[in-house]
Every structure is written in structure tokens, then in C-alpha cells.
Amino acid sequence: MILSPDHHAIRDAVRAFAQEQLWPHAAEWDKKHQFPAEAHKGLAALGAYGICVPEEHGGAGLDYLSLALVLEEIAAGDGGTSTPISVTNCPYNAILMRYGTKAQKATWLAPAARGEMLGAFALTEPHVGSDASALRTTAVRQGGEYVLNGVKQFITSGQNGHVAIVIAVTDKAAGKRGMSAFIVPTHRLGNAGWKVARLEDKLGQHSSDTAQINLDDCRVPAANLIGEEGEGYRIALSALEGGRIGIAAQSVGMARSALDVAIAYAKEREAFGTAIFNHQAVSHRLADCAARLEAARQLTWHAASLRDAGLPCLKEAAMAKLLASETAEAVCSAALQTLGGYGVVSDFPLERIYRDVRVCQIYEGTSDVQRIIIARAL
């Protein structure tokens, strides 16, 4: 796929920011488990929080191909920083764009698209991963409010986010059709019912918080119901295509940085009288990485283009996420191998990128789930 001049301009602008403002600080953020608030302000100013949101709702008014380009570049700078932005764009913004009322868009979508609020998505629970139909969190109508109770697990931006879309059960007897979706302000907007029970100590992506959230008599106005009662399961699944395209783009970005580091090292490091890049064992390994990475990128762009055209892309988005996330781990591993002992020490960035990229095979649907989706489409 050939990018348009506008797409080149968008990619180049974000790449410049990421390489200047993210990449030099990523190691420090990783070591300190630090959320880079100032960097997020800069990305918000670039429009990264609302890529596909129309300008009338505070967004950049761009397409999903642009979103893929932006997320690749941010992830190439720092994988952890790209994750909250990916979640804000899709599923958070995407759900409100499709299902939100005019008032909900004005109150909850526009500020997120402008970068004034960080969005979250609370579906997963401690006992519920891939089986989203087994939720236990409840939402009970009490007059003009809903009262939510339950536990949500592995919530990106559960600590630093301002507002979340929460999926909860409103009718236990109705199964999947008894789930509903709600806009829930977090503790950062004064909601005492949103309690951060634990921040997870993760393998990687330390610049993005992942939290367990207790919803303890968490009250929201009835006006915060998205769509109708019973539509929550469908609403939750509707945004997964875009989310998977985003994770595929993240995977490509992180792996690209790993490959760039390995190529630069291989051209400088000498062994047996020449740069190790001149040894076929090294150069062919890196050539394989470059070819596989480009294939993952092109499949990601293809899925994004289908979505932009309004065509079905469930299978293609699953393929993109599967191929990109698994390719990214393989590329990072090969890049690390190229550096030898230096690859596993924190003075060099590869061990961090390797840790950051591993979760891409898990969130927004595991690789196993992607294979199920693809198989059903065959």
C-alpha cells in the first residue's frame, strides 16, 4: 500500500515527536514506573487522543490508517506510552462515536478527543478474560442513577484515566443480552465508588498503569447509560476491530525500534576482522526480520483501509493482530540475539522493548482468540 502525502505528513510529525520526546526518556520511565504526563500533553496537542473523531467533536477528523501510523510511531518511541492512547482512541472514543448521545459526546467524547481526559475500558474481570459473557459486575437502577458493584481486572489507565466505559450486568437472567454499557468517571473526577485496589507489577510497559478496580456502590446518572439496557455485550465487541488494528500497529512500532537498534549495532560491532553485519548469520537474520515486519505492517494497513472504507474487517483485523504481535516478539528476540550479552542488560534498550511487546499477544484478545475468529471466517 502506498501512503498519500497527507499520511506521510502525519506519520513524519508524530515520528519526530516520538524520537525527540519519547525515545530518549523511555528507559527512565520504565525503571521508575513513571506515567509521562508531560509527554501525553504533547501528544494531545498533536491530536493523538482523537485521531478518528470528527473535528466537530474535538478530534483530528482522520481515518484508521492514520491511527495505525500514529500508534506505530508512538510505540516506536515508547510502547507503554502508546497503550493508553490506543485505548482512548479505540475502544473508548469509537464506542461513544457510534453509540453515544449528543449530550454524551459533548460531555465525555470531546474532552477525551482534545486530550483533556484519558479514557479507559473496563470489561475484563478477575475470573473473566476471553469469555466476556461471564461478567459478574452488576448495575442496578435506583431512581435516576445506576449503582455499580464488582471488580474489574487489568484495566489500562485505571489509575491515571479520567473516565471509563464499564460493561456490567443489568439482567442476570438474560445472559449476554443482560449486559449494559456505562460511562463511569473515575476517582480522578471525584467518583468515590471507583477505587484502585491494586496497581499491577508488570513484565513491561511500565509507563502505562494497569490496575484492578473495585466498583464499590459506584453511582452514575442514568444518562450515562450508553445505548439501551442489554446492548452492552454488542457494544463492547463492536470496538474490538479497531482496537486490534491499534495493537497490531503498536506491535510493529516496538519491533521496528528493536530492529533499528540491532541493525545499527551489527554495522558497528566487529568480530573476526569485520562488522558482524557482514556475516551472513547476522545479516540474513535481520533480513528475515525486516521482511516479516513489513508483511505485518502491510496487513495492518490493509485492515485499517477496509475499516475506513466501511467494509467488514473482523477477520483481517484478527489476522493483523495475530501476525503483528507474534512477529514482533520474534523480531525483538532476533534483535536481542544480535546484540548477544548486551541485549539482555538494561544499558541497551532491547530488553525493555522485548518486555514491552510481549503483552501484545494477550490484550485486546489473545492470539488463541484471534485464531478462533479467523477459523470461523474460513
task: Take the residues in the stretch 287-313 that are buried (at least 18 other Cβ atoms within 10 Å of the Cβ) and aliphatic (A, V, I, L, M), then tell me which one is farthest from residue 367 (Cα to Cα).
output: 306
message: Could you go through the stretch 10-22 and let me know if any residue there is closer than 12 Å to residue 73 by Cβ, among the aliphatic types (A, V, I, L, M) and surrounded by fewer than 19 Cβ atoms within 10 Å (Cβ to Cβ).
response: yes
query: Based on what the data block shows, is residue 45 in contact (Cβ under 8 Å) with a residue 60 or more places away in the chain and small (Gly, Ala, Ser)?
result: yes
Selected residue (only one of 239, 211, 174, 181 is surrounded by fewer than 20 Cβ atoms within 10 Å (Cβ to Cβ), of a type in the set (A, V, I, L, M) and touching a residue at least 24 places away in the same chain (Cβ under 8 Å)): 174
message: Any residue in the stretch 186-200 that is within 11 Å of residue 160 (Cα to Cα) and assigned by TED's automatic domain parsing to the domain that holds residue 214 sitting within a Cβ distance under 9 Å of a residue that is in a strand (DSSP E or B) and acidic (Asp, Glu)? List the pairs, counting only those 6 or more apart or interchain.
response: none
Pairs with Cβ under 7 Å, 6+ apart, first in the stretch 118-143 and more than 22 Å from residue 225 (Cβ to Cβ) and in contact (Cβ under 8 Å) with a residue 40 or more places away in the chain, second surrounded by fewer than 24 Cβ atoms within 10 Å (Cβ to Cβ) and among the aliphatic types (A, V, I, L, M): 126/151; 130/369
- request: Among the residues of the stretch 231-263, count how many are acidic (Asp, Glu) and not in a helix (DSSP H, G or I).
  value: 1
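The values are calculated or read from the model by the stated rules, or taken from the named source; none is laboratory data. All figures in this text were calculated on a predicted structure; none of them were measured in a lab. Using ideal geometry, Cβ is built from the backbone for each residue, glycine included, and neighbour counts are taken over all protein chains shown.
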